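What follows is a set of notes on a single structure, which appears directly below.
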Amino acid sequence: METKSKTLDHSSSHQRSLLYHQISVFLLTFFAYASFHASRKPLSIVKSVLGPEVSKSHEDVSLNKTGWAPFNGTQGTHRLGEIDLAFLLAYSVGMYFAGHIGDRVDLRFFLACGMLCSAISTVAFGLAFWFKIHHLGFFLAVQIVSGLFQSTGWPCVVSVVGNWFGKSKRGLIMGLWNSHTSFGNILGSIVSSSALGIGWGWSFVFPGILIGLVGLLVFKYLIVAPEAAGFELKEVELNSQSEYPAITPLHKVEEEEEDVLLQVGDGPAIAIGFIDAWRLPGVASYAFCLFFSKLVAYTFLYWLPFYIRHTAVDGAYLSDRTSGMLSSVFDLGGVVGGISAGYISDAIEARGATSIIFLLLSVPALILYRIYGSVSSSTNVGLMFLSGLFVNGPYSLITTAVAADLGTQSLIQGNSRALATVTAIIDGTGSVGAALGPLLTGYISTRGWNSVFAMLIAASVFASLFLVHIAKAEITSKLNEGKWFWQRINSG
């Protein structure tokens, strides 16, 4: 009896230790990527200070004498769009290389270095305030360098979280975890907006210091895989499973047996090739869906404070600081949207169908926000929250749970060394769309915001089209499972 008691105590202690490590990884990666987003937010907050003033009677651009050259002239919004493009193109290109490298090096070291270098590049942009730098080339160069360093973050954190958490309830877990994006945006908005009063350069310095400090914590404490802490991967998977495992339908057993023929054996995991990762089922569809979905999300990320600043709400125009603060409501909606999308996709076991529902619901939300957002402050806040919920829901789901599912699917034997590559492909392709949206907004907004919203609505529709065949397959699979279940009941 005493031996049995000791065994139970040891098992309980072992499970608590595993849970401790999972919580630690969850929190470290959460705050790591939140700090990445906080350091990206300053430019959207400072846009209305740097750029041209928009006439209050119509949307013509006039010279803003209080702005910052080269962004305060008649082509100011174009220049602001161009530096957005410089960052996001460098980010998307860097993402492909970062995922490839991340599967082959120490993720802890790679992530920490990326964060520390991002801290330096973020602060460097703000230094232009004190050194009176007005050369477009300087801002473009800083944004390109910053985009490359920031691209190291996403493949690393998704890969680490994918290593530590099994597939059970992955949508909900990653929906909660992915609220770091909105949390970081909110934190960046508050910090940057608050710093405007003492000089726009501080709006970059404070977030830069934040990501640097978190990077040091990551370097000291992050454990990238269960094996490094003495756990076996099977333990993590079993710990994440339901107490009562579901019955596996016969047609799925046959599919899994066929998949085994494609596996690479029982040897050590090897990094998957870039082209091979593109060929994995679902990767291309979700990547191109994210292209359009992220176009919408990042247009709001980079231009929403500017839009609020230059759109009358209840007949009044808000200050730069208030506009920046108010834009965080969109991200609060994004938190709810990401968690809701993850929970729903777990409940119905259909990531594609869940994404399509959110994407299609974002269309009326965007229309309502554009038409009625200026009626009153409460209407503006409510419709902005609703837009954030539906826009960020599928974006959050695809970049986390979907990427982890595709990067650990049976065709590659759950090979965790493919996860960073698959994640980089999906988010890298999405980042090309993220680069295109803010750039087009810089040009289109001078003709009126109705044109910008028309672009965003069209992008949401196109995003949903890429998932139609996946949602159809999910629905068909559910119908087949139902038929199989009733056949077993009737035959039993």
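Quick look at the numbers
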quantity	calculated
Filter pass, Ser319 being open to solvent by 10 Å² or more (accessible area, probe 1.4 Å), free of Cβ contacts under 8 Å to residues at least 24 places away in the same chain and closer than 26 Å to Ser44 by Cβ	yes
Residue that is modelled with the highest pLDDT, among those in segment 346-379 that are open to solvent by less than 30 Å² (accessible area, probe 1.4 Å), of a type outside the set (Ser, Thr, Tyr) and out of contact with any Ser or Thr (no Cβ under 7 Å at 6 or more places or on another chain)	Phe358
Sole exception among (1) within 30 Å of Gln75 (Cβ to Cβ); (2) at pLDDT 85 or above; (3) of a type outside the set (Phe, Trp, Tyr) for Ser431, by number	(2)
Qualifying residues in segment 51-66 (those that are assigned to a loop (DSSP other than H, G, I, E, B) and at pLDDT 50 or above) - the one surrounded by the fewest Cβ atoms within 10 Å (Cβ to Cβ)	Thr66
Leading residue by the ranking (modelled with the highest pLDDT) among those in segment 380-395 that are closer than 22 Å to Cys289 by Cβ and among the polar types (S, T, N, Q)	Ser387
Helices (runs of 4 or more DSSP H) contained entirely in segment 186-268, each with at least 1 residues that are at pLDDT below 50 and out of contact with any Asp or Glu (no Cβ under 9 Å at 6 or more places or on another chain)	233-239, 250-260
Residue check for Ala473: in a helix (DSSP H, G or I) and either modelled with pLDDT under 85 or crowded, with 20+ Cβ neighbours inside 10 Å (or both)	no
Residue within segment 136-151 that is surrounded by fewer than 18 Cβ atoms within 10 Å (Cβ to Cβ) and either among the small types (Gly, Ala, Ser) or in contact with a His (Cβ under 6 Å, 6 or more places away or on another chain) (or both) present	yes
Unique match (being of a type in the set (S, T, N, Q) and farther than 20 Å from Ala38 by Cα) among Ser121, Ser159	Ser159
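The rows are residues; the columns are (1) touching a residue at least 60 places away in the same chain (Cβ under 8 Å); (2) outside any helix (DSSP H, G or I); (3) small (Gly, Ala, Ser).
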residue: Trp68; (1), (2), (3): yes, yes, no
residue: Phe71; (1), (2), (3): no, yes, no
residue: Leu127; (1), (2), (3): yes, no, no
residue: Trp154; (1), (2), (3): yes, no, no
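The values are calculated or read from the model by the stated rules, or taken from the named source; none is laboratory data. Keep in mind the model is a prediction, meaning the values are calculated, not measured. Virtual Cβ from ideal backbone geometry, glycine too; neighbours counted across all protein chains shown. Only protein heavy atoms, including side chains, enter the accessible area calculation; ligands, DNA and RNA are left aside. Shrake-Rupley method; radii C 1.70, N 1.55, O 1.52, S 1.80 Å.
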